[in-house]
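Take a look at the structure set out below.
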Amino acid sequence: MSDRAHSWNVYLQGASFHNGILRESTGDANEISAAPIVTFGFIPSDEDENRRSDTIGIPLYLTPTRETLLAELSMPIDGDKEKWILGGVALFM
């Protein structure tokens with residue numbers, strides 16, 4: 001039995017995802033875009049802190065109305081975490 005699951009039906013708002021890292025959306029980008037295939041898996045709570053410093057927890061909601069929070073997904077970033085938090089970046093099913 002696999003300890004991972006994959007989803008193709010995830011959408012990203014407030015950012016784009018290029019070369020494996022969250023990036024700022026361009027001015028002409030769609031507000032919501034398809035995210036890459038998302039892999040869900042277990043990450044131990046004692047995971048190396050150095051690896052976590054290059055990621056941020058992005059909320060995964062059922063719909064763009066953000067009424068039902070499903071989980072928080074760790075996504076790789078380059079730069080300041082505050083930028084992504086203030087930008088309201090989120091994922092949707």
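The values are calculated or read from the model by the stated rules, or taken from the named source; none is laboratory data. If you're wondering where the values come from, they're calculated on a predicted model, not measured in any experiment. Virtual Cβ from ideal backbone geometry, glycine too; neighbours counted across all protein chains shown. All accessible areas refer to the heavy atoms of the entire protein, side chains included, with ligands and DNA or RNA removed. Shrake-Rupley method; radii C 1.70, N 1.55, O 1.52, S 1.80 Å.
Observations
- Candidate set from segment 64-82 (those that are under 14 Å from the mean Cα position of the chain (by Cα) and within 23 Å of Asn19 (Cβ to Cβ)); member that is most open to solvent (accessible area, probe 1.4 Å): Glu72
- Within segment 47-61, residues that are modelled with pLDDT of 85 or more and aromatic (Phe, Trp, Tyr) have Cβ atoms under 6 Å from residues that are open to solvent by 80 Å² or more (accessible area, probe 1.4 Å) and assigned to a strand (DSSP E or B) in these pairs: Tyr61/Leu69, counting only partners at least 6 apart in sequence or on another chain.
- One residue from Ser2, Ser25, Ser33 being out of contact with any Pro (no Cβ under 9 Å at 6 or more places or on another chain), surrounded by 13 or more Cβ atoms within 10 Å (Cβ to Cβ), assigned to a loop (DSSP other than H, G, I, E, B) and modelled with pLDDT under 85: Ser25
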